[in-house]
């Protein structure tokens with residue numbers, strides 16, 4: 001994991017050197033810079049994984065350097081962290097516009113930097129505990145194993161040749177290192193901690209347990225819809241992000257279990273709520289639209305008519321609610 005630090009204060013640079021040498025991962029390398037121009041040029045030559053940069057530096061500021069890097073890079077996957085002695089909302093707002101991961105105030109604390117580094121390494125080695133990844137002693141191999149674990153989880157539902165090949169690749173590459181326990185529970189639905197237990201489960205019970213797992217996952221999604229349908233921003237994108245799955249994977253298993261698209265189920269849930277409110281209350285139509293997750297009453301009326309064949313007013317009148 002390549003890290004760049006840019007700060008014009010010698011004390012901050014020395015502190016980062018101390019922090020990073022103290023951090024136990026065998027997979028980090030770092031370079032200390034003292035201005036924004038150096039940061040920009042170094043990032044454009046060799047993409048780092050993490051950048052810590054001061055905001056105010058002579059010449060090119062940290063935010064300006066990040067902006068120029070992003071403008072010159074088509075796919076910028078670097079994670080940027082701003083360090084500053086200024087608790088200034090305007091700086092924080094500018095940082096957010098650039099997609100900065102966090103805004104860290106001086107004086108720096110090792111515990112704060114430690115938490116950031118551990119968080120970034122956990123993301124890099126998804127599916128493996130970072131301690132296990134470190135013990136492997138080979139970053140490239142640990143990253144490959146992490147990718148295999150994530151692919152295996154996504155293929156778990158299908159059970160075809162692709163799944164079997166991935167299972168074989170994982171078994172061989174893991175060399176006895178188990179999938180991280182919480183990740184296994186989340187993705188495969190069972191609390192198994194040893195490599196042998198996990199391997200036996202995936203080999204012998206994958207189809208039966210996958211079906212139960214898929215049903216449980218769809219039940220979770222359905223519950224999220226029922227609890228949050230009043231939120232206009234609710235969608236499969238947000239649910240996929242919350243649950244840690246791809247949108248495509250959730251869409252496929254939801255359609256398989258519910259025999260309808262996610263969007264159709266969400267609309268159905270909202271319309272069921274709307275008809276109940278129309279039947280059991282005198283709430284105004286525009287308020288019912290808002291309660292059911294529609295920002296615009298005109299669109300709510302259009303969807304309601306398409307769903308029931310009547311406008312909300314007509315439906316209410318026919319059901320004897322004035």
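Where a number appears in this text, it was derived from the coordinates with a stated rule and is not lab data. Because the structure is predicted, anything quoted here is derived from the model rather than measured. All Cβ positions, glycine included, derive from the backbone under ideal geometry; neighbour counts span all protein chains shown.
Once the Cβ-Cβ distance of residue 255 and residue 111 is raised to the sixth power relative to R0 = 45 Å, the FRET efficiency obtained is 0.50. The label point for residue 228 and the one for residue 74, both projected 7 Å from the Cα toward the Cβ, are 3.4 nm apart. The modelled label-to-label distance between residue 118 and residue 190, using points 7 Å beyond Cα along the C-beta direction, is 3.0 nm. Rounded, prolate or oblate, given the Cα gyration tensor of the chain, with a/c below 1.5 counting as rounded? Oblate.
Residue 319 label point, 7 Å along Cα→Cβ, cut-off 14 Å on backbone N: hits in the stretch 284-308? Flagged as within label range: 284-285, 288-289, 292, 304-305, 307-308.
When 57, 224 are sorted by how many other C-beta atoms sit within 10 angstrom of their C-beta, beginning with the fewest, the order is 224, 57. Please compute, over every Cα-Cα pair in the stretch 215-322, the percentage with a separation greater than 20 angstrom. The answer is 42 percent, as a whole percent. The stretch 43-76 and the stretch 3-20 have Cα centres separated by 16 Å. Estimated purely from DSSP H runs of n ≥ 4, each contributing -39500 (n - 2.57), the mean residue ellipticity at 222 nm for the chain is -19500 deg cm²/dmol once divided by its residues. Each residue, residue 45 and residue 141, gets one label point 7 Å from its Cα in the Cβ direction; the gap between the two is 3.2 nm. Remark: relative contact order (the chain) = 9 percent; criterion is Cα-Cα distance under 8 angstrom and separation of 6 or more residues.
For residue 67 and residue 14, the difference between the fully extended length at 0.36 nm per residue and the C-alpha to C-alpha distance is 16.5 nm.
Going by how many other Cβ atoms sit within 10 Å of their own, how do 45, 66 line up, fewest first?
Numbers: 45 7, 66 28.
Ranking 45, 66 by Cβ neighbours within 10 Å, fewest first, gives 45, 66.
Counted by neighbouring Cβ atoms within 10 Å, the residues 179, 83, 116 run from fewest to most as 116, 83, 179.
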